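One structure is given below, encoded as structure tokens.
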Amino acid sequence: MLSFPQNNDRTAGRQPWTVRAFLWALVWLAAAAAPVRGQELQPPSPLVRVWQTEQGLPQNTVTAVTRTRDGYCWIGTLHGLARFDGLRFVVFNSSNTPAFKSDRISALAQDTAGNLW
């Protein structure tokens, strides 16, 4: 007859249960913390800037907008054309540009040669 030694130590049977309980606690903590971290990663709301005559536009009513290949933003109004470089406006109208017969800009386009119309 074979005889196997018996383990009479009462703490030996508790160790696997303790490890399992600890692992489950870690899983629950990680699951509870996940939504909190997800809320922090929301993208910021878009930045909106308003440019008016106080910032250099010739008029507050914009009738046309285009961006040319050189990076300038051109803005047409009823009182002239404004070129915006990202920092300031340069205004072109009949008082400072003799080629302008009228200050009313109704449309803007750039052709294949890069000319602004």
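The values are calculated or read from the model by the stated rules, or taken from the named source; none is laboratory data. Just so it is clear, the structure is predicted and the values come from calculations on it, not from any experiment. A quick note on method: Cβ atoms are made from the backbone with ideal geometry, for glycine too, and the neighbour counts reach across all protein chains shown.
Restricting to the stretch 98-117, count the residues that are touching a residue at least 12 places away in the same chain (Cβ under 8 Å) and part of a loop (DSSP other than H, G, I, E, B).
Within the stretch 98-117, residues that are touching a residue at least 12 places away in the same chain (Cβ under 8 Å) and part of a loop (DSSP other than H, G, I, E, B) number 9.
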- Of the numbered conditions (1) among the acidic types (Asp, Glu); (2) under 27 Å from the mean Cα position of the chain (by Cα); (3) surrounded by fewer than 10 Cβ atoms within 10 Å (Cβ to Cβ), ASP85 satisfies every one except a single condition; which is it? (3)
- Inside the stretch 81-104, can you point out the residues that are aliphatic (A, V, I, L, M) and modelled with pLDDT under 95? LEU87, ALA99
- Of (1) exposed (fewer than 12 other Cβ atoms within 10 Å of the Cβ); (2) within 16 Å of LEU57 (Cα to Cα); (3) modelled with pLDDT of 95 or more, LEU78 fails just (1)
